[in-house]
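Throughout, read-outs are computed from the coordinates displayed, never taken from laboratory work. Keep in mind the model is a prediction, meaning the values are calculated, not measured. Using ideal geometry, Cβ is built from the backbone for each residue, glycine included, and neighbour counts are taken over all protein chains shown.
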Ligand code: PMP
């Protein structure tokens with residue numbers, strides 16, 4: 001039998017994929033066990049019915065053919081307006097390409113900005129697909145370590161050490177999995193490293209509407225960054241449209257042109273009725289982002305209050321996004337051991353911190369994606385379970 005390409009063979013399998021607990025939970029669920037799942041970033045609410053109606057109407061009105069590959073002019077225009085209003089950076093439709101979700105944008109930008117074998121930086125802890133996305137695009141990974149005590153913010157030293165001779169730097173604020181939000185000083189430091197080392201910055205801002213403390217700052221808006229930054233946006237998280245696969249990349253015009261060439265040869269863009277639904281949501285539903293985001297802020301506050309009652313267990317501030325990073329190192333277990341034991345003893349599934357890199361070892365990531373009362377119950381249960389180890393081992 002002929003072989004597969006080295007590229008696809010090497011995508012996965014190099015790090016612990018971290019999905020063991022998730023798969024185990026799904027299997028237990030299939031076997032009829034009642035499991036509380038706090039694993040993936042899927043809202044507990046589905047896409048708003050008005051957005052679905054707009055999608056339906058668009059399709060029923062005949063918008064079922066091939067859509068313009070870089071995106072419909074009206075949606076590109078709206079995204080450009082939104083980005084310009086929120087960041088102050090002059091942005092036109094030619095700076096925007098509509099993609100099938102942020103994930104497609106992450107892959108396409110790495111393909112467009114780096115050559116096969118170039119080094120690309122990601123910051124640990126990272127969103128689980130980052131290493132595999134870079135590898136799929138042919139890059140060599142360089143992992144920038146952080147520490148929990150710095151709230152997982154990368155130090156200049158670590159960044160500089162890794163930046164020499166690299167081509168790209170992928171950042172993510174608000175961050176999945178940590179909830180860290182980079183402030184201006186951090187972003188200025190990152191931009192200095194990028195400029196000094198002539199790096200492209202790929203800024204994953206898919207959680208930009210979920211900020212609980214402070215303000216979202218796009219690195220593209222900092223001095224001398226516009227021409228070396230591509231921003232990944234998505235309606236998955238902001239509008240609870242994960243299944244619609246609707247996102248975008250904002251980039252210099254000549255990059256967008258090439259991304260459009262690439263899209264012609266990969267996904268051929270996003271269905272027109274999905275784009276119309278996105279346009280409807282962006283133009284006709286001004287409050288929807290707040291409505292979609294608010295439950296996560298509420299639940300974060302619920303969790304912070306509960307965790308305070310357990311002095312050995314610490315929760316990271318979670319300044320944005322839909323996850324909590326809980327430090328369970330005091331239990332003496334690592335994240336994988338703890339998550340397995342938790343699933344077994346309490347039927348609660350969380351993601352081990354190790355699924356997102358070594359910097360979050362000894363942590364668990366909790367997705368705040370169930371109703372408030374269930375979430376309160378689950379958080380209490382996680383904390384009491386964790387403290388049963390600390391009290392017995394102390
Ligand atoms: N970036 C981050 C940090 C994410 O958490 C996700 C989804 N969980 C994505 C990108 C991709 O999102 P989508 O493709 O649904 O837009």
For region 92-153 and region 319-377, what is the centre-to-centre distance using only Cα atoms, to the nearest Å?
24 Å
Within the P(r) computed for the chain, what percentage of the Cα pairs occupies the region above 34 Å?
29 percent
Please tell me the relative contact order of region 49-284 in percent, rounded to the nearest whole number, where contacts are Cα pairs under 8 Å and at least six residues apart.
30 percent
Hey, what did the chain get for relative contact order, percent, Cα under 8 Å, at least 6 apart?
24 percent
Ascending count of other beta-carbon atoms within 10 Å, so fewest first, for 383, 264:
264, 383
Measure of size requested: the Rg and Dmax of region 153-234, with Cα atoms as the atom set and Å as the unit; please supply both.
12.0, 36
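Take 156, 368, 1 and order them by how many other Cβ atoms sit within 10 Å, fewest up front.
The order, fewest Cβ neighbours first, is 1, 156, 368.
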I'd like to compare 218-227, 53-62: which one has the highest average count of other Cβ atoms within 10 Å, and what's the full order after that?
218-227, 53-62
Return the whole-Å distance between the Cα centroid of region 236-298 and the Cα centroid of region 205-235.
15 Å
Nearest 5 is fine: what % of DSSP beta bridges in region 49-284 come out antiparallel, could you say?
30 percent
Could you give the nm distance between label points at residue 92 and residue 26, where each point is 7 Å from its Cα heading toward the beta carbon?
4.5 nm
Would you mind classifying region 49-284 by shape? Square roots of the alpha carbon gyration tensor eigenvalues, ordered a ≥ b ≥ c; an a/c under 1.5 is rounded, otherwise it is prolate if a/b is larger than b/c and oblate if not.
prolate
Would you mind checking the radius of gyration and Dmax of region 1-118 based on alpha-carbon positions, in Å?
20.6, 56
Alpha-carbon radius of gyration plus Dmax, which is the widest Cα pair, for region 205-338 in Å
19.1, 55
Note on region 228-272: contact order normalised by length, alpha-carbon pairs under 8 Å, 6 or more apart, percent, works out to 32 percent
